[in-house]
1. What is the gain in length, in nm to one decimal, between residue 151 and residue 74 on full extension, counting 0.36 nm per residue of separation less the C-alpha to C-alpha distance?
2. Suppose a student asked you for the relative contact order of the stretch 1-154, using Cα pairs under 8 Å spaced at least 6 residues apart; what percent would you report?
3. Rank 171, 60, 234 by how far each Cα sits towards the positive end of the charge dipole of the chain (+1 on Lys, Arg Cβ; -1 on Asp, Glu Cβ) and give me just the farthest.
4. Just check the stretch 105-244 against the gyration tensor rule for me: Cα atoms, a ≥ b ≥ c as the square roots of the eigenvalues, rounded for a/c under 1.5, and otherwise prolate or oblate depending on whether a/b exceeds b/c.
5. Within straight cross-link reach of residue 215, meaning Cα distance under 18 Å, which lysines are found once same-chain residues fewer than 8 apart are removed?
6. Could you state, as a whole-number percent, how many of the C-alpha pairs of the stretch 49-118 are farther apart than 18 Å?
7. Using Cα pairs closer than 8 Å and at least 6 residues apart in sequence, work out the relative contact order for the stretch 65-166, in percent.
8. Beta carbons within 10 angstrom, averaged per residue: use that to sort the peptides 89-96, 128-135, highest first.
Amino acid sequence: MSNIHKAFENGKAFIPFITCGDPDLATTAAVVRTAVANGADLIELGIPFSDPTAEGPVIQGANLRALSGGVRTDQIFDLVRQLRTDVTVPMVFMTYANVVFSYGAEKFIATCREIGIDGLILPDLPFEEKGEFLPLCRQYGVDLISLIAPTSRERISMIAAEAEGFLYIVSSLGVTGTRTEITTDLDAIVRVVRQNTEIPCAIGFGISTPEQARKMASVSDGAIVGSAIIKILARYGKDAAPYVGEYVRSMKVAVMQCD
């Protein structure tokens, strides 16, 4: 069984997303550790890319700041090695297929296994094309995590039936970013997921407040938050870790209220 299941063993999971290298890797390390100390159950680490098509302006900005600072994939691998000396919660990479291709798919995925990365999320990889990476992910024991969007419709059951690690349910159409209201019929999506897999599912895109996190976790197995955390990093820079910690604590309390 995947290590990712540990994130969901103790009730509803809170999953923060952090762009590696924004504003620098030392801050990323501090933010990851602070997030875990305040209740984060799984960490999504974004490997910056110059054309992050699934991201809104907030996370696009984080990608640009990280790349402008000279962050490279090998440095991010070294960051994870260092984090794994004391961070035990599951960690996954979220990046784009071109990052993996340009590094060399087998080398990239083998390194994920070696450094302790549990899963890989590639939002620009269509489900039907996952064969590009799935055999390598299985060879090296790295879960290739699938996404389900409101537009997946009749494909939901097929995606769920073949899911690994956890299912990332996209709450809304469009790109990442905070939203004042989420109107997608997520109950219906999760109902189909439950009929086809025992793999946990978590909802992301648009979640920023404890109330939204509580609502999303009440429907699913957890809530994923990115843009709201990146906004804290953009505001406080190298001093952001304690502010992220406070935010993560409030969100974890909110999702736990669903148990």
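Read-outs: derived from the displayed coordinates by stated rules, not from any lab. Not measured: the values here are computed from a predicted model. Neighbour counts run over all protein chains shown; Cβ positions are idealised from the backbone, glycine included.
1. Stretched out fully, the residue 151 to residue 74 stretch lengthens by 24.2 nm.
2. 24
3. 234
4. oblate
5. Those lysines meeting the cut-off are 12, 252.
6. For the stretch 49-118, the fraction of Cα-Cα distances above 18 Å is 44 percent.
7. About 25 percent, as a whole number.
8. So the peptides 89-96, 128-135, ranked by packing, come out 89-96, 128-135.
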